Amino acid sequence: MQTPEATRKNKRFISIPAAFRRFVIRNPNKPAIICGEQSLTYSQVDQLTETVAQRLRDAGFWPGHRIGLYQPNTSELALAYLGCLKAGVVVVQSIHD
């Protein structure tokens, strides 16, 4: 089994935000989230999640900090979760009905 360092050096490792960003570059106008009447493109999701990440950093959350998310399973939860990942924040999640 390889260590995380060796995996990164072999370029087999890619973070979720980096993988998402690659997809945004290739498919900016494709629908990324469709929830009821709401539809967001990959570019829109990228912009919104960057805003979430920046607001977390502005509030003093940095990579490795933990944050709890407690909200229904909605498009807003997906945006918040990805924004947290972009900020490097560890998500402790609890989904309620």
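GNM, the chain, Cα, under 10 Å: largest mean-square fluctuation among 71, 54, 38?
Ranking 71, 54, 38 by mean-square fluctuation puts 38 first.
Each residue of region 12-17 in order: what ³J(HN,Hα) in whole Hz does its phi give by Karplus 6.51 cos²θ - 1.76 cosθ + 1.60, θ = phi - 60°, with x for Gly and Pro?
Ordered by residue, 3J(HN,Hα) equals 8, 9, 9, 6, 4, x Hz.
Please list, ordered by chain and number, the residues whose modelled amide H lies under 5 Å from the amide H of residue 71; skip anything fewer than 5 residues away on the same chain.
The answer is 94, 96.
Near the amide H of residue 89, under 5 Å away, which other amide H atoms are found, from residues 5 or more places off or on another chain, if H is placed in the peptide plane?
64
I need 46, 58 ordered by Cβ neighbour count within 10 Å, fewest first.
Lowest count first: 58, 46.
Ratio of Rg to Rh for region 4-95, alpha carbon only, Kirkwood?
Answer for region 4-95: 1.00.
In which sequence would 30, 86 go, from the one with the fewest C-beta neighbours within 10 Å to the one with the most?
30, 86
Which residue fluctuates the most in the chain, going by a Gaussian network model with Cα springs under 10 Å, if the choices are 83, 36, 64?
Highest fluctuation of the listed residues: 36.
Could you give the length gained on full extension between residue 93 and residue 65, defined as 0.36 nm per residue of separation minus the Cα-Cα distance, in nm?
8.7 nm
Taken together, the values in this text are just the output of simple stated rules run on the coordinates, not laboratory data. Quick caveat: nothing in here was measured; it's all calculated off a predicted structure. A quick note on method: Cβ atoms are made from the backbone with ideal geometry, for glycine too, and the neighbour counts reach across all protein chains shown.
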